Structures are given as structure tokens and as C-alpha cells.
1. Filtering the stretch 101-127 down to residues that are among the polar types (S, T, N, Q) and over 24 Å from Arg9 (Cα atoms), which residue is modelled with the lowest pLDDT?
2. Identify the single condition in (1) at pLDDT 90 or above; (2) open to solvent by 60 Å² or more (accessible area, probe 1.4 Å); (3) of a type outside the set (S, T, N, Q); (4) more than 22 Å from Cys18 (Cβ to Cβ) that Arg79 does not satisfy, given that it satisfies every other one.
3. Does Leu25 count as at pLDDT below 90, of a type outside the set (Asp, Glu) and assigned to a helix (DSSP H, G or I)?
4. Does the stretch 91-100 include one or more residues that are at pLDDT below 80, exposed (fewer than 14 other Cβ atoms within 10 Å of the Cβ) and either under 24 Å from Leu8 (Cβ atoms) or out of contact with any Leu (no Cβ under 9 Å at 6 or more places or on another chain) (or both)?
5. Can we say Ala48 is crowded, with 17+ Cβ neighbours inside 10 Å, among the small types (Gly, Ala, Ser) and under 30 Å from Ala6 (Cα atoms)?
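The values are calculated or read from the model by the stated rules, or taken from the named source; none is laboratory data. Since the model is a prediction, treat every value here as computed from it, not as a measurement. A quick note on method: Cβ atoms are made from the backbone with ideal geometry, for glycine too, and the neighbour counts reach across all protein chains shown. Accessible surface areas use protein heavy atoms only, side chains included; no ligands, DNA or RNA. Shrake-Rupley method; radii C 1.70, N 1.55, O 1.52, S 1.80 Å.
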Amino acid sequence: MSRSDALLRLHERLVARCDELRKKLSLDSDSDASDASRLVVGDLGDVANEGAVNELNSQLASIETRELFYNQRAIVMIREGRYGTCEGCDGPIPIARLKALPYSVMCVECQRSQEELGTEAAKEVDWDKACDYENRFSEQEITLDDLKFDR
């Protein structure tokens, strides 16, 4: 298979993935709107669980949005003839890396350097926050006054 054929197939895969992500993000935002309009009925545990689910869905949407951006950037690079060239050092990105992450725009060394500098830290998903949301919510609802016993 020639390079141009491989790039054409990859372009088609990236476009299809972008369409899937757009559709999924659209469905997620539609369901968020309908969720906001419904009345939450139940005890404190149900409310906390609903909040945790909403926070987790928000984090997943963030990951999908980032993947959509990276896929779109790879499509642009294919169209401009720059695909497979590292944006950091202008060297070639290894084929194995491109097979694993077709939207890669940096070689492993440049990506590692960028991550060590922390430029990607702002885009990082906070999984601790997503997983601990329910616990934080519950702790805010209970105060010392609630724990006092009649003596």
C-alpha cells in the first residue's frame, strides 16, 4: 500500500471518528438538558449519586471533546501534508506511535518533554475529583451540630 493510500484510509477513519464523537457529544448534551429539567426525588443518597454520575459524565465528555480536537488537528495535518512530522522537533513520528495514536502530532520524546513541563496539565482530567464527588457532597451535608446527642 502506498503512503497516499494509507493516508487516505487514515483520513477516512479520522473523519468517521470525528463524526462519532460529535454525535455522542450532541446526544450527551441533549440528555443533560433533559436531566436538568426533571425533578430529583429521593433521599440524600440518591441526590449524591445523581451528582456523582453527572460529574463523571462531565469528565468523560471532556475526554471525548479533547479527542475530537486532536482528531480534527490530525485531519488538518494530513490535508496540509504535515502528517507524521513532529510539531516539536520537525522529525518523523514513528509509525508504531501513529498506529497506536493516529492523532499524534509529536514524537515520544517531545511529548514527554511537554508533559514534564506541565503544559498539558491544565487539560488533564481530574479523576480523583470525579470519583470523590459523592464523598465530598455527603461530608458537606453533615455538621457537628447534626452529630450532637441529647444527654
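1. Thr119
2. Failed condition: (4).
3. yes
4. No, the stretch 91-100 has no match at all.
5. Spelling it out, it is not the case that Ala48 is crowded, with 17+ Cβ neighbours inside 10 Å, among the small types (Gly, Ala, Ser) and under 30 Å from Ala6 (Cα atoms).
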